[in-house]
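Step one of this worksheet: look at the structure below.
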Amino acid sequence: MTVMMPYHNSLFKVGDWYRQLLAESIGKNRKTGPTPLNALGTTDQHSQLQLYNEGPLNKWIVFMRLKKGKKDFELGKNLPESLGYLNQKKLSTILEAAYLGTRDSLTKNKRPNATLILPSNTEESIGALLMLLECQVALLGFLYKVDAFNQPGVESSKIITKKILSH
């Protein structure tokens, strides 16, 4: 299973797009192949990290990060004592710590993971990332011995649906 886990809201739709691309392009080998999942750090790390850290060893976690976002916010200094460690911290600092904690816990538990760092969330950076992922999927097609450029399972569903609706 390939888990795409961006640590910035602006990258979440890239995870959705990649899930569709990988499933549609490589999901044709009945014996083996990746199953794409997406998650949003930090939102989903709490609900899914238990499984990724101690569940079956069948997941590859790919983090996506931005080197620098467009805006950064700082928390106030009046948080309750139980959250005092967050007082006057920038959002980027908190996200960095959450990412490092997640990445390091996975690594400590010998869970495969990698990080893609984009310089920014500009059109050029996102476009370069999409091209990288498209090339990766084309290579996976070769490795899994499937045509990554067709979608017979999707077409089959469309044909059946049209037939049902034609009567």
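FYI, it's all coordinate maths here, none of it is from the lab. Not measured: the values here are computed from a predicted model. With ideal geometry, Cβ positions are generated from the backbone for all residues, glycine too; neighbour counts draw on all protein chains shown.
I'd like to know if the range 123-141 contains one or more residues that are more than 30 Å from D72 (Cα to Cα), of a type outside the set (V, I, T), touching a Gly at 6+ places or on another chain (Cβ under 6 Å) and touching a residue at least 12 places away in the same chain (Cβ under 8 Å). For the range 123-141, residues more than 30 Å from D72 (Cα to Cα), of a type outside the set (V, I, T), touching a Gly at 6+ places or on another chain (Cβ under 6 Å) and touching a residue at least 12 places away in the same chain (Cβ under 8 Å): absent. Within the range 125-135, can one find any residue that is closer than 13 Å to K28 by Cβ and surrounded by fewer than 13 Cβ atoms within 10 Å (Cβ to Cβ)? No - not one qualifying residue is present in the range 125-135. In the range 1-19, the residues that are farther than 19 Å from H46 by Cβ reach residues that are aromatic (F, W, Y) and buried (at least 17 other Cβ atoms within 10 Å of the Cβ) with C-beta atoms within less than 9 angstrom, at least six apart or across chains, in these pairs: T2/Y18. For M64, the test of being closer than 24 Å to G141 by Cα, touching a Ser or Thr at 6+ places or on another chain (Cβ under 6 Å) and not aromatic (F, W, Y) is failed.
Can G41 be described as outside any helix (DSSP H, G or I), closer than 25 Å to L130 by Cα and within 12 Å of the chain's Cα centre (by Cα)? Yes.
Looking at the range 73-125 only, could you name the residues that are hydrophobic (A, V, I, L, M, F, W, C) and assigned to a helix (DSSP H, G or I)? L83, L86, L91, I94, L95, A97, A98, L100, L106 - these are the residues of the range 73-125 that are hydrophobic (A, V, I, L, M, F, W, C) and assigned to a helix (DSSP H, G or I).
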